[in-house]
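Enquirer: Shown below is the structure under consideration.
Read-outs throughout are calculated quantities, based only on the coordinates presented, and are distinct from any laboratory measurement. Everything quoted here is computed from the prediction, not taken from an experiment. Cβ: placed from backbone, ideal geometry, glycine included. Neighbour counts: every protein chain shown.
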Amino acid sequence: MIRKLLTLIFLLLTISVLQAQSHGQMARQLYQRIQKIHYAPRPCNDSLSETLMDAFLKEIDPLQVYFMAEDVTALGRHRKSLDDYILGGDGGFIEEVKDHYKRGLRRSDSIVKVLCSAPLDFKQSDRYIDTDREDNAWAQTPAELAQQWRRLLKERVLSLIFNRHTDSTGYRPDQLASLMAHEPEMRELVLRRSENRLAKRLENADKFIGGAFLKCLALQFDPHTEFFDLSEQKEFLAQLSTQKESFGLSLDENAAGEVEVSRIVPGSPAWKSGKLNAGDILISFSPGNGQEIEVEMSSAAEISSRMAESDTDSMCFTVRKKDGQTLTACLAKATLRADENLVKSFVIEGKQKVGYIQLPGFYQDWEAEGGRGCAGDVAKELIKLQKDGIQALILDLRFNGGGSLTEATDLAGIFIDGGSLWISRNSANERFTIKDPNRGSAYAGPMMVLVNGASASASEFLCSALQDHRRAIIVGSTTFGKATSQAFYPIDPRATDPNGFVKITSHKYYRLQGNSHQFTGVQPDIVLPDPWARFIEGEGTLPWAIQPDTVLKKTYYTPLQLPDLGALQRQSTARCAQNAAFKELDEIAGQLKALLEAQKSLALNGAAWFGWEEQRRKLLSKLDELEKERPDAAFTLHSSQFDAAFLQVDEYSRNLKEEMMQTLRKDLQLGECLHIIEDVLHP
Amino acid sequence: MKNRITAFFETRARQGARFACIFLLAITLLPQAATAQAHAGEYMDQIAASYGPIKKDTWDYMVAVANGRSARKIDKRRKELVLSIDAAKSSVARMKPWENDPSYRDSAVAYLRLSKIILLEDYGRIVDMEEVAEQSYDLMEAYLLTRQKANERYKTASAQLQLACADFAARHNVNLLDPENDKLTQKMKQADGVFAHYDQLYLIMFKAQIQETNTITALGTKDISGATQSNNKLAEYAKEGLKNLESVAAYEGDGSLKTATQNLLNFFKNESEQKMSVFIDFYLGQENFEAMRKSIEAKAAKDRTKEDVDNYNKAVTDFNKSLENYNKLNNEANAARAKAINDWNNAGQAFMAKHVANK
């Protein structure tokens, strides 16, 4: 027995040392890789050590409920030494953090148990935990830590009470006492969930802490240099691909912490089952091994990641419908055509016939023969639309976060007759002009590109080239501001079986006049009201974002002529000012933003919390009503004649397109784009 | 890009592209000196004499090119010409400056050096290829631009040599006689005009032809985007070429090559508008049909409605018709292309043979 025990202890020690070496060595390999390839690498010195320490602690304990000041002080001894550990491949510090973290989790478990054993005192003047505050301090004493936990538990209990025990008729202050009567059962639920989560965190602590350190290290160089473990890397590449296996349902967590079906992909197994709908609450699921898992103990992200695992082929989902009945749907995964990613086009019939193409991402299927990409797909849609005799084109890049730069180059070439597109620059200050790969264009008519603050990276490259060539009028709001490109590398270049990957920013890009939209974004030629812009943060707000500068390089291109943009802007501004729907939407968006700000100092008692939640619910339902009641715009939409026969046969594509058309008919910005086109075509 | 440009030039050279500028050699003839200051005049005559063998070898080279000799024979003549230039260059370079005035000698050496570079198509030494690469967005444009820049450079060098010659003569009191105008010189001058005409028409044709090649290459890989872009440009260049032809005069009343060029450009125009666009539509339709077939096959037979089946059957019929049409047009295009290109090549050879005498 003793021998067995000794063997076990020896084994455990060996594993621990191996892990220490492993994460330490990975950090060194990661740094070396970044140092070699990054566009502008930070030196590995005390400054990097300090900022890495701060980012790391914030990453692993953002709510400051696991560590106490004593832990932070103990770890603080290493504040200026992380650079040395990284260069030496020494993982001792990471092991030390793991120990503190595990101790913190166990301590938290005890605190939660004690706090939840009695009614929470809502008379105490606790406030919501605002993780963004600079002056957040670590708990000095166990009592202070318990106070932090009490704030968190109160927030969770209040949220559950409101979402589970109020309905769409709304909350009235006279219901306060009856609602608070649910505190014991909701506290019990919060306790069970917290225990469950803490236990899972403890189980995964080693992997989590090591991974978090590597992630934070990569992010010290710029917001797009990222560490990925094997499964994350596959997932990232799949996002850019056109083929994926899925059940076809997306899950989200509602304010009550319930897991809700947020979307059913038309044509997917979930859609074909006919049993599931958006808004259903997931009660339980069984991942094919007969074991039924209660959802109350899992987050939406955890279930989603379980659903995405490659060895999960089938799953049964039990949901509570809106009318209260319970249903179970057993689904088998199928290859979705990922049409969410594919280009969609429509002919808009209003005063003019306008082609509309929506491109949600710059995808490229590396595995497909000939490498199918979005540029080729856009060209095909353009040919179809031109057969319908369109007089102008709108390319919608709103919320298009980018993707393959090759595709962006090809796509720019489709619209530009020839010439330079943009300039790339690497860490050796070598500058190259990226040019249109094909002489000629696939569409030469008037063109407009619709963008917003979430149009990033490849979208912005395309926009900048079209704007520099004066080939298209850019309409909407300032884009995200990412003018860099990244490539994937295994962190150990010699490894046959890589232990991790890093996406490294290797190039920065400049426009044809030598300036860059890095950090600042592409300014549209015509600015449209964008009520949701206040919720989108651009590159400039991200830590360690690469700063903009200029480059000197001669480029050759012949800009085209555009109509008087100033006049078009004035006409558009005047029209939008008269548009009550824009105004109403802007007011609601403004109120929602203010409400989010107010939450940061919200008092954690029933009256304040329920009042706040009720305000939010009202605003969201007002938004829904506004959308529903808004009359359809004065145009009709249909698919190109070329696709008509195919759509008659293919129900999946027909449904997807119908779903899109419903949204587009209510799209205020699209409506205004059509007015601008009218101004251009009939000045 | 620079390397790709060089490779492209080699390909063009193999395909029979000719560089008008090399034949400037034929017309940059040096004047002979009169006897006023015999010793300075003799000095100038000595330089002109070194140039003599070049003239003969240039003519041999021109004849070989004009009469469509094999690539090996043309290359042999070119190497002989290069050797003559080398010999002349060393001989002139060895001469001492005349009364401390090396200007004429140095200009002649510089000119011969440039002649050799152009003959060897070693453009990187006289044209800023980095600049060419930057300024052009494909190899065709780089090719045209390099030729233009090399031509300009050569013309300038030729003018500078003439000027240096006149200055030297004036400084040293030498009266110049007109350059020798023997039978060979006359033949060379005429041949230069023939090459210039050929070259002008070749370039008009070539601009469209390269777009046709790009379109066919893109269609071969079912790259609908690339094919559409290249085909649109093919139509544009064919029309532009036809318009440019209007201002090209027949060569001494011989309009045969111009007519052949016109025919070829008309073929490109029609091919682009009536054939290529159908081919692009065919590939697009084929993709659509495949998607439809997959969609209907994915549906269980019992779930297919009569409308589904009717729609699909109609699509099968339509696709078969379009396939038949595609094959027909493709055969027509291939035959017409082969004929138009063959006609142009024959017209080119006949034109050269007619106007550049074979010795």
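Enquirer: Would you calculate the separation in nanometres between label points at residue A:391 and residue A:125, each defined as 7 Å from the Cα along the Cα-to-beta-carbon direction?
Expert: Inter-label distance under the simple model: 6.6 nm.
Enquirer: Per residue of the stretch A:93-101, in order, report the coupling 6.51 cos²θ - 1.76 cosθ + 1.60 (Karplus, θ = phi - 60°) as ³J(HN,Hα) in whole Hz, putting x for Gly and Pro.
Expert: 4, 4, 5, 5, 5, 4, 4, 4, 5
Enquirer: Between residue A:47 and residue B:175, what is the label-to-label distance in nm when each label sits 7 Å out along the Cα-to-Cβ direction?
Expert: If labels sit at residue A:47 and residue B:175, their model points lie 8.2 nm apart.
Enquirer: Quick query: amide H of residue A:525 versus all other amide H atoms, modeled in the peptide plane; which residues come in under 5 Å with a sequence gap of 5 or more or a different chain?
Expert: Under 5 Å from the amide H of residue A:525 lie the amide H atoms of A:474, A:475, each far enough along the sequence or on another chain.
Enquirer: Residue A:583: which lysines have alpha carbons under 23 Å from its alpha carbon, excluding same-chain residues fewer than 8 sequence positions away?
Expert: Straight-line reach from residue A:583, under 23 Å: A:593, A:618, A:622, A:628, A:666.
Enquirer: Taking GluC sites (Glu not before Pro) as exposed when DSSP calls them loop (any state but H, G, I, E, B) and at most 14 other Cβ atoms lie within 10 Å, what is the longest stretch of chain B free of them, the sites themselves excluded? Intermediate results must be reported in sequence, preceding the final value.
Expert: Working: sites that count: B:99, B:180, B:246, B:252.
Counting at most 14 other Cβ atoms within 10 Å as exposed, the longest clean stretch of chain B is B:253-359.
Enquirer: Using only Cα atoms, locate the centre of the stretch A:80-156 and the centre of the stretch B:284-336, then give the distance between them in Å, rounded to an integer.
Expert: 65 Å
Enquirer: So between residue A:302 and residue A:144, what do we pick up on full extension, going 0.36 nm a residue minus the alpha carbon distance?
Expert: Going from the current span to full extension adds 53.8 nm.
Enquirer: Still on this structure, I have one more. Count the lysine pairs in the stretch A:82-208 whose Cα atoms sit under 27 Å apart, keeping only pairs 8 or more residues apart in sequence or on different chains.
Expert: Step by step, the pairs that qualify in the stretch A:82-208 add up to 13.
Enquirer: Taking the mean number of other Cβ atoms within 10 Å as a proxy for protection, how do you rank A:421-427, B:224-230 from highest to lowest?
Expert: Details: A:421-427: 20.9, B:224-230: 26.7.
So the order, starting with the most tightly packed, is B:224-230, A:421-427.
Enquirer: Between the DSSP loop rule and a limit of at most 14 other Cβ atoms within 10 Å, which GluC sites (Glu not before Pro) in the stretch A:534-633 are left? Intermediate values should be presented prior to the final figure.
Expert: Values: sites: A:537, A:539, A:584, A:587, A:597, A:613, A:614, A:625, A:627, A:629; in loops: A:537.
Here the sparse-neighbourhood loop sites are A:537.
Enquirer: Residue A:508: which lysines have alpha carbons under 19 Å from its alpha carbon, excluding same-chain residues fewer than 8 sequence positions away?
Expert: A:36, A:435, A:482, A:553, A:554
Enquirer: Which pairs in the list A:380/B:239; A:380/B:222; B:233/B:269; B:189/B:354; B:55/B:79 are over 18 Å apart, alpha-carbon to alpha-carbon?
Expert: Numbers: A:380/B:239 25 Å; A:380/B:222 11 Å; B:233/B:269 10 Å; B:189/B:354 15 Å; B:55/B:79 14 Å.
As for pairs spanning more than 18 Å Cα to Cα, those are A:380/B:239.
Enquirer: Sticking with this structure for a sec: Can you compute the charge dipole magnitude of chain A about its Cα centre, using +1 on each Lys and Arg Cβ and -1 on each Asp and Glu Cβ, nothing else charged? Give it in debye, rounded to the nearest 20. Don't jump to the answer; show the numbers that get you there.
Expert: Values: 81 positive and 94 negative charges, 113 e Å.
That gives chain A a dipole magnitude of about 540 debye.
Enquirer: Next question, about the same structure. Going by amide H atoms built from the backbone, whose H comes under 5 Å of the H on residue A:353, apart from near neighbours?
Expert: Amide H to amide H, under 5 Å and 5 or more residues apart or across chains, residue A:353 pairs with A:391.
Enquirer: Right, here's the next one. Please list 3J(HN,Hα) in residue order for the stretch A:38-52, calculated via the Karplus relation 6.51 cos²θ - 1.76 cosθ + 1.60 where θ = phi - 60°; whole Hz, with x for glycine and proline.
Expert: Coupling constants for the stretch A:38-52: 4, 4, 9, x, 6, x, 7, 9, 4, 5, 5, 4, 5, 5, 5 Hz.
Enquirer: Take the Cβ-Cβ distance between residue B:128 and residue A:534 as r, set R0 to 56 Å, and report the resulting FRET efficiency rounded to the nearest 0.05.
Expert: On the way: r = 51 Å, r/R0 = 0.91.
With a Förster radius of 56 Å, E is 0.65.
Enquirer: Over chain A, consider all pairs of different Cα atoms and compute the Kirkwood hydrodynamic radius from their mean reciprocal separation; express it in Å, one decimal. Intermediate values should be presented prior to the final figure.
Expert: On the way: mean 1/r = 0.0355 Å⁻¹.
For chain A, inverting the mean 1/r across all distinct Cα pairs yields 28.2 Å.
Enquirer: What is the Å³ per residue value for the convex hull set by the Cα atoms of the stretch A:491-605? Could you put the intermediate results ahead of the total?
Expert: Working: hull volume 28.4 nm³, N = 115.
Taking the convex hull of the Cα positions in the stretch A:491-605, it is 247 Å³ per residue.
Enquirer: A follow-up question, please. Go from 0 up to the bin containing the longest alpha carbon distance in chain B, width 20 Å each, and give me the % of pairs per bin.
Expert: All Cα pairs, binned at 20 Å, distribute as 24, 43, 21, 9, 3, 0 percent.
Enquirer: Can you tell me the equivalent ellipsoid semi-axes for the stretch B:242-295? Use √(5λ) from the Cα gyration tensor, largest first, whole Å.
Expert: Numbers: eigenvalues 362, 13, 4 Å².
Sorted largest first and rounded, they come to 43, 8, 5 Å.
Enquirer: By how many degrees, between 0 and 90 and to the nearest 10, does the Cα long axis of helix A:142-165 differ from the longest principal axis of chain A?
Expert: Helix A:142-165 sits at roughly 50 degrees to that axis.
Enquirer: While we're looking at this one, here's another question. Taking every DSSP beta bridge with both residues inside chain A, roughly what % is antiparallel (nearest 5)? Can you show the working numbers first?
Expert: Details: 53 of 70 bridges.
Restricted to chain A, the bridges split so that about 75 percent are antiparallel.
Enquirer: Hey, can you grab everything whose amide H is under 5 Å from the amide H of residue A:434? Only 5+ residues off in sequence or another chain; H modelled, so Pro and N-termini drop out.
Expert: A:421, A:422, A:423, A:424
Enquirer: What FRET efficiency would be calculated for the residue pair residue A:321, residue A:103, taking the C-beta separation as r and a Förster radius of 51 Å, to the nearest 0.05? If you can, show how the numbers build up before the last one.
Expert: On the way: r = 45 Å, r/R0 = 0.87.
That gives a FRET efficiency of 0.70.
Enquirer: With axes computed from alpha carbons, what is the tilt in degrees of helix A:458-468 against the longest principal axis of chain A, rounded to the nearest 10 within 0 to 90?
Expert: Taking the Cα atoms of chain A, the angle to A:458-468 is about 30 degrees.
Enquirer: Say each of residue A:427 and residue A:286 gets a label point 7 Å from the Cα, pointing the same way as Cα to Cβ; how far apart are those two points in nm?
Expert: Computed distance between label sites residue A:427 and residue A:286 equals 5.4 nm.
Enquirer: Pop the C-beta distance of residue A:328 and residue A:562 into the FRET formula with R0 = 45 Å and round what comes out to the nearest 0.05. If you can, show how the numbers build up before the last one.
Expert: Working: r = 58 Å, r/R0 = 1.29.
The computed FRET efficiency comes out at 0.20.
Enquirer: Now for a different question. Taking the 0 to 90 degree range and rounding to the nearest ten, how far is the long axis of helix B:256-270 tilted relative to the main principal axis of chain B, both from C-alpha atoms?
Expert: Tilt of helix B:256-270: around 30 degrees.
Enquirer: Which of the aspartates and glutamates could a cross-linker bridge to residue A:387, judged by Cα under 15 Å and excluding same-chain residues fewer than eight apart?
Expert: Straight-line reach from residue A:387, under 15 Å: A:349, A:643, B:273, B:281.
Enquirer: Okay, moving on. Under the rule that a partner needs its Cβ under 4.7 Å from the first Cβ, which Cys of chain A have none?
Expert: Lone cysteines by the Cβ rule: A:44, A:116, A:216, A:374, A:463, A:576, A:673.
Enquirer: Something else: Using only DSSP helix segments of four residues or longer, with each worth -39500 (n - 2.57), what per-residue ellipticity at 222 nm results for chain B after dividing by its residue count and rounding to 500? Can you show the working numbers first?
Expert: Numbers: 13 runs with 273 residues, N = 359.
Roughly -26500 deg cm²/dmol at 222 nm, from the helical runs in chain B.
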